[in-house]
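Here's the structure, in structure tokens; my notes come after.
The values are calculated or read from the model by the stated rules, or taken from the named source; none is laboratory data. Keep in mind that what you see is a predicted model, and the values were worked out from it rather than measured. Here the Cβ positions follow ideal geometry from the backbone for every residue, glycine too, while neighbour counts run over all protein chains shown. The accessibility values were calculated without ligands, DNA or RNA, using every heavy atom of the protein model including side chains. Shrake-Rupley method; radii C 1.70, N 1.55, O 1.52, S 1.80 Å.
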Amino acid sequence: MSSHDLKPLPAETRSSLLSGHDWIALVFVAMTFLIPVFSTNPQVLSQTNLILIAATAALGVYIMQRLDLMSFAVPSFMAIGGYTVALISMKLHVTDVLILAAAAFLMPALCAIPLGSLILRLKGVYFVLVTFVLTEIVQLLLFEAGPITGGANGLVGMPAVKLFGFELWDNPHVLLTTCGLAVLSFAITSLFTRTFRHEFAAIETNDVLAESLGLAAWKYKAMAFSIAAGVSGLAGFALVNMLMTAHPSSFAPMSSVNYITYTIVGGKASILGTLIGALLLVSATDYFALSGEMSPGLFGLLIIIVTLVARGGVVGVVSGLLYRLVGKTTPLNTGETGHAAQEHANQKEGRP
Amino acid sequence: MLRIDDLHVTYGGTRAVAGVTLTVDQGQTVLLIGANGAGKSSLINAVIGLAKISQGKIMFDGHDIGSMSSDARARLGIGYSPEGRRVFASMTVKDNVLAGAVTLNGREQVRSWDKLVASFPFLAERQAQAAGELSGGQQQLVAIARAMSGRPKLLLLDEPFLGLAPVWIQQISIAVRQMQQDGITVLMTEQMARPALKLAHSGHIMRGGLIRRSGAVHEIKGAALAEEYL
Ligand SMILES: Nc1ncnc2c1ncn2[C@@H]1O[C@H](COP(=O)(O)OP(=O)(O)OP(=O)(O)O)[C@@H](O)[C@H]1O
Ligand SMILES: [Mg+2]
């Protein structure tokens, strides 16, 4: 490599608030606010709702992937967020959407701290297993704690939420609530992962080495676990608000496979991947009318294929193609981390 | 600065370090020489906390660090460059180097970076490149710069010259001398005794997990060079 191939790092990219992919994803999610203006078709509204909830939930997987941790815990924290909101609105008659959103974020985030201190000691496959067991335990608790959770009936008949006293009750307004929660979640996730991107990248690559350089890996893992739980809680709020019911079946353990699939298939190296994965797969599930029992199997197959054939997922493949076509943008400046950036780097060097 | 007392490190049944006692005084550069499997890396790893000590005591700067986590030890002021070019392959060269400076604030990081660039202009030229794309020797340099970037009080260098061309050995030697001028204490291991002996004040020859000979550089030079051919 000769010296005129050098890529000086532009100062503004280094200090910018969010990466390019973060901005694109955020703008894309924010644009869904416009959908109720253009369409009142209930099918379109409910489909958009489902995609946004799926993408928001999958952010929990995306955040943990920044630290090379595979988490099945998303439905557990969605349940904690969703049931918290249902209880507050039904038992305490608090329906202000801002207060409910704060509760839906904080409750799971706080629960995640003691849980994380136990679980995060585990490495690799043990961590994965325990997060999956956690979803089963939460299911059991939802069924068994009848007096609080309504048991097998769930909590039915939630009142509509309000923003500054204005009721958000009809379909378009429910979608607007989901949009707001999704934008909030994408903003929190982007800011969080951007702020600690160097620390996360080091821990993702080699956490033992990172520790020997003074990075307290457990601290970053605990923080990420808590933020991921909070964001999952916001998704749980959106789901419960859409269904007007908090029910155990909304937080089934197998649904964690879906959220993992969205992130991996879309491309786990960038937040855009999570959004695009959710968009494509939720649409495909609807289009092919996949039944509930089939999708985990098919999704599992998809994960295997992507892992074997295109580790960067959809976003990795597309930006790889764009990169080859345009050949201008430097991959390391797009804010990508991990494998995708490495793959680009290899392409640039003409290596396999 | 660093006092190691009757240190034992065992892996399963293997006794890698079998009772080593040594001290490294403030501002000194101490060299550990020994053939493959002598226990040099095990000793270094015990100091930074990557290898568990089964017996003995390690005191650093007045703290008993033997049971601390390795990140806590690093934050006390121990910089560590591992054996065999362990860089964060997908991160840029600059981010790699600054990963060693997590304890410093933004302005101190800038100063630390500027200083390293003055010694190794190569770092500035390649700052935005992924570290995994560099040659082996260049990666070694990045790992050493990373250990230096946090302004440690004690620098642990595990085989810094391994597999490097003379030009690179010279560059690294210059950087180590500069650290010495700044009063930084260095504990380094090396199989290739010759260039390392030029940097050190004193040394220990290790074999089979034990120190066999110790002394000032001129005292052990002959034995060290003989050890190289064992
Ligand atoms: N992680 C480990 N697990 C088991 N045994 C180990 C481990 N690391 C080192 N050993 C053993 O401990 C002994 C000392 O190894 P160590 O790496 O400390 O030697 P060294 O002096 O650094 O050698 P080299 O010059 O080859 O780097 C060897 O017999 C080795 O097999
Ligand atoms: Mg060694």
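Listed here are the residues, each with its yes/no results for (1) within 14 Å of chain B (Cβ to nearest Cβ); (2) open to solvent by less than 20 Å² (accessible area, probe 1.4 Å); (3) under 30 Å from residue B:150 (Cβ atoms); (4) not β-branched (Val, Ile, Thr).
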{"residue": "A:136", "(1), (2), (3), (4)": "no, no, no, yes"}
{"residue": "A:140", "(1), (2), (3), (4)": "no, no, no, yes"}
{"residue": "A:158", "(1), (2), (3), (4)": "no, yes, no, yes"}
{"residue": "A:161", "(1), (2), (3), (4)": "no, yes, no, no"}
{"residue": "A:167", "(1), (2), (3), (4)": "no, no, no, yes"}
{"residue": "A:211", "(1), (2), (3), (4)": "yes, no, yes, yes"}
{"residue": "A:231", "(1), (2), (3), (4)": "no, yes, no, no"}
{"residue": "A:234", "(1), (2), (3), (4)": "no, yes, no, yes"}
{"residue": "A:240", "(1), (2), (3), (4)": "no, yes, no, no"}
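Return yes when residue B:32 is touching a residue at least 40 places away in the same chain (Cβ under 8 Å), out of contact with any Cys (no Cβ under 9 Å at 6 or more places or on another chain), within 12 Å of ligand 1 (Cβ to nearest atom) and open to solvent by less than 10 Å² (accessible area, probe 1.4 Å) and no when it is not. So residue B:32 passes the test.
Taking the criterion of being closer than 21 Å to residue B:70 by Cα, at the interface with chain A (Cβ under 9 Å from one of its Cβ atoms) and β-branched (Val, Ile, Thr), the residues of region B:88-134 that qualify are B:102, B:103.
One line per residue, one yes/no per condition, for (1) hydroxyl-bearing (Ser, Thr, Tyr); (2) in a loop (DSSP other than H, G, I, E, B):
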| site | (1), (2) |
| --- | --- |
| B:157 | no, no |
| B:163 | no, yes |
| B:167 | no, no |
| B:173 | yes, no |
| B:176 | no, no |
| B:180 | no, no |
| B:186 | no, no |
| B:194 | no, no |
| B:197 | no, no |
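Restricting attention to region B:30-56, the residues that are within 8 Å of ligand 2 (Cβ to nearest atom) and under 11 Å from the mean Cα position of the chain (by Cα) add up to 3. Listed by first and then second residue, the pairs linking a residue in region B:203-221 that is within 17 Å of residue B:23 (Cβ to Cβ) and more than 14 Å from every other protein chain (Cβ to nearest Cβ) to a residue that is within 16 Å of ligand 1 (Cβ to nearest atom) and not in a strand (DSSP E or B), with Cβ atoms under 7 Å apart and 6 or more places separating them unless they lie on different chains, are B:203/B:224; B:205/B:34; B:205/B:224; B:205/B:227; B:206/B:34; B:206/B:38; B:206/B:39; B:206/B:40.
Of all residues in region B:55-76, those being free of Cβ contacts under 8 Å to residues at least 60 places away in the same chain, more than 9 Å from chain A (Cβ to nearest Cβ), under 22 Å from residue B:148 (Cβ atoms) and not aliphatic (A, V, I, L, M) number 1. Could you please find all residues in region B:1-17 being under 15 Å from residue B:45 (Cβ atoms) and surrounded by 15 or more Cβ atoms within 10 Å (Cβ to Cβ)? Correct list: B:2, B:4, B:7, B:8, B:9, B:10, B:15, B:16, B:17. Of all residues in region A:116-134, exactly one satisfies the criterion of being open to solvent by 50 Å² or more (accessible area, probe 1.4 Å), under 20 Å from the mean Cα position of the chain (by Cα) and in contact (Cβ under 8 Å) with a residue 24 or more places away in the chain, namely A:132.
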